Amino acid sequence: MRSFETIIAGCYELRPSPYADTRGLFVKTYSHSLFVEMGLESDFLEAFYTVSGPNVLRGMHLQFPPADQAKLVVCIAGHVMDVLLDLRLGSPTYGQHVVVELEAVHHNAVYLPRGVAHGFYVREAPAVLFYQVTSEHVPRLDSGVAWNSFGAPWPESSPVISPRDTSFPLLKDFQSPFFYQTEGF
C-alpha cells in the first residue's frame, strides 16, 4: 500500500496494490503495521457503510470530544468527490480543505485524524463508502460545518442533501473544540 500525505497534515490518501487473477480481485484496505509505522491511530472500534444515489452530498461531518474519531474511508462502489476540512485550532491549514477523488476502480482511500471534517459528493452512483472509525457513534456529539461555507468546488449548487446537513453552522461561526497536535493522539 502506498500513502500520500495531503496538504492537510495527518490526512492521507492510501492506494493499495490489488491482486487480480482469474477469480477476480483482492484488495487490502487496512494494514495495522503500516498505520503504526506512519504514527496513525489504528484502533478502529466501529465500521459502517453508506449507499448514496446520484447528486447526493453528505457532509461536513465529525463528532465532538470525547467521542471524536479518526476515520478510514474507502469507496467500494461508484465514484465520489471526497472533501476533508481541517478544523483543528493551531493547525497551519485550519479552515482549509482538500479534495480527493475516491473511485472504486482505483481502490483508494482516505485517512482523517481527529478534528478533520468529512464530506463527499456522488459523481457516479450508487456510491458505497465504507468507514472504520476509532470511536463509536454518539448522536448527541454529532456535529459539522455547512458544506457551502468554506469554498469547496462542489460540482452542484443544489445537491440532494439531508435537513441535518443543511443545519450545520458556517465555518466562520463554528466553535472548534479540536487542537492541532504534532505528536501522539
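Before moving on, here are some points about what is shown:
- Spin-label pair SER33-ASN148: with each label point 7 Å from Cα along the Cα-Cβ axis, the two points sit 4.9 nm from one another.
- Both radii are taken from the alpha-carbon atoms of segment 72-185; with Rh as the Kirkwood radius, Rg/Rh is 0.95.
- Approximate spin-label separation VAL138-SER162, in nm, with each point projected 7 Å along Cα-to-Cβ: 1.9
- For the residues GLY53, GLY39, GLY78, a GNM of the chain with alpha-carbon springs under 10 Å puts the largest fluctuation on GLY39.
- Sequence-ordered 3J(HN,Hα) estimates for segment 95-103 from the Karplus curve with 6.51, -1.76 and 1.60 and θ = phi - 60° stand at x, 8, 10, 9, 10, 10, 7, 9, 10 Hz, glycine and proline given as x.
- Multiplying the residue separation of GLU101 and LYS172 by 0.36 nm and removing their Cα-Cα distance gives an extension gain of 23.0 nm.
- Charge dipole (debye, nearest 20) of the chain; +1 at Cβ of Lys and Arg, -1 at Cβ of Asp and Glu: 160
- Structure remark: mean-square fluctuation, Gaussian network model of the chain, C-alpha springs under 10 Å; the largest value among ARG23, ARG140, ARG88 belongs to ARG23.
- Extension gain from GLU124 to SER17, taking 0.36 nm per residue of separation minus the Cα-Cα distance: 36.3 nm
- Shape metrics for segment 1-105, restricted to C-alpha atoms - Rg then Dmax, Å: 15.1, 51
- Phi-based couplings in Hz for segment 61-74 (Karplus 6.51, -1.76, 1.60; Gly and Pro marked x): 10, 6, 10, 6, x, x, 9, 4, 8, 8, 9, 10, 10, 10
- Close amide-amide hydrogen proximity is noted between GLY119 and HIS61, VAL83, each under 5 Å apart and 5 or more residues distant or on a separate chain (H modeled in the peptide plane; Pro and chain starts excluded).
- Residue (of ASN148, GLN96, HIS32) at the positive-pole extreme of the chain, dipole from beta-carbon charges: ASN148
- Along segment 21-29 the Karplus relation, 6.51 cos²θ - 1.76 cosθ + 1.60 evaluated at θ = phi - 60°, assigns HN-Hα couplings of 8, 5, 7, x, 9, 10, 10, 8, 9 Hz to successive residues, with x for each Gly and Pro.
- Here the Gaussian network model covers the chain, with springs between Cα atoms less than 10 Å apart; of PHE26, PHE150, PHE120, PHE26 fluctuates the most.
- The value of relative contact order for the chain, using C-alpha pairs under 8 Å at least six residues apart, is 29 percent.
- DSSP beta bridge pairing in the chain, given as percent antiparallel to the nearest 5: 95
- Expected 222 nm ellipticity per residue - DSSP helices of 4 or more, -39500 (n - 2.57), all of the chain, to 500: -1500 deg cm²/dmol
- Cα centroid separation, segment 14-51 to segment 62-81: 14 Å.
Bear in mind these aren't lab numbers, they're just calculated from the coordinates by the rules spelled out. These figures come from a predicted structure and were not determined experimentally. Cβ atoms come from the backbone with ideal geometry, glycine included; neighbour counts cover every protein chain shown.
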